[in-house]
Amino acid sequence: MMEDLMLFGGGGHCRSCIDVIETEGRYRIAGIVDVAEKVNQLVLGYPIIGTDDDLGELVKKYRYFLVTIGQIGSADVRVAKFMCLMELGASLPVIVSPFARVSKHSVIGEGTIIMHNVVVNAGAKIGRNCIINTGAIIEHDAVIGDHCHISTAAVVNGGTKIGAKTFLGSNCDTKQYIEIGEGSLINSGISVRRSVPSGKKILLERLKH
């Protein structure tokens, strides 16, 4: 029997999450939480049934929630929603696409979603409330902190450590065993060849030796 799952955020990322949730087939989507002006609208056929103000009552009715707000740049909104749900006693499951390849020797934190065609290799550790987006590769022994977004087709090579709240853009790749500090933003297509300090924004230049 499938458990009910509430989604928090009804935008574009939510649509991608819905596809993964439907394909995985472990949870039945009960509804979506978003802003007041969107209540009663549908997202891929699922109703927006409440707002932040309704969370206290919704958590009493539904056990499982997933933050389905996207993250480009700042992780603050996703972090705030995740922490709010945790404080209210909600459970935030790990969602894994059946089209992903996730090693049994990896660890994935609660509230994280592993999208279609992702590879998570042996020894990798992924934190809570992360987005590992379509086609990303997390290689052996890589460590991804809480609240990170590893974007489409990004490659995190072996032993790389990525600090919490970091955004790694589409088609990025990292050299093995470097460290990317907390709260960093690496724009699409950048090849990261050396360690990056916390809070660094790399938008145009390519990092070289």
Fill in: Distance in nm between pseudo-label sites at Thr23 and Tyr177 (7 Å out along the Cβ direction from Cα)
3.5
Worksheet item: Where both partners of a DSSP beta bridge lie in the chain, what percent of those bridges are antiparallel, to the nearest 5?
Response: 5
Discussion item. Apply the a/c threshold of 1.5 to the C-alpha gyration tensor of the stretch 92-173 and tell me whether it is rounded, prolate or oblate.
Written reply: rounded
Worksheet, complete the sentence: Zone reached by a paramagnetic label modelled 7 Å from Asp76 Cα along Cα→Cβ, restricted to the stretch 142-163 with backbone N below 14 Å, covers none
Worksheet item: Gain in length, Arg15 to Glu110, computed as 0.36 nm per residue apart minus the alpha-carbon separation, to one decimal in nm?
Response: 32.2 nm
Discussion item. Can you compute the FRET efficiency between Arg194 and Leu44 using 1/(1 + (r/R0)^6), with r the Cβ-Cβ distance and R0 = 45 Å? Round to the nearest 0.05.
Written reply: 0.60
Worksheet, complete the sentence: Relative contact order in percent for the chain (Cα pairs under 8 Å, 6+ apart) equals 12
Worksheet item: Sequence-distant or interchain residues sharing an amide H contact under 5 Å with Val143, placed H: which?
Response: Lys125, Thr160, Lys161, Ile162
Discussion item. On C-alpha positions alone, give me the angle between the axis of helix 76-87 and the longest principal axis of the chain, in degrees, nearest 10.
Written reply: 50
Discussion item. Multiplying the sequence separation of Met86 and Ser103 by 0.36 nm and subtracting their Cα-Cα distance, what value in nm do you get?
Written reply: 3.4 nm
Fill in: Crossing angle, helix 12-24 versus the chain [Cα axis fit, 0-90 degrees, rounded to tens]
80
Discussion item. Applying a 10 Å radius around every beta-carbon, put 81-92, 96-107 in order of their mean neighbour count, most first.
Written reply: 81-92, 96-107
Item to complete: Please work out the C-alpha center-to-center distance from the stretch 39-93 to the stretch 146-209 and express it in whole Å.
Response: 27
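A short reminder: the numbers here are calculations on the coordinates, not readings from a lab. Everything numeric in this text was worked out from a predicted model, so none of it was measured. Neighbour counts are summed over all protein chains in view; Cβ atoms, including those assigned to glycine, are modelled from backbone coordinates with ideal geometry.
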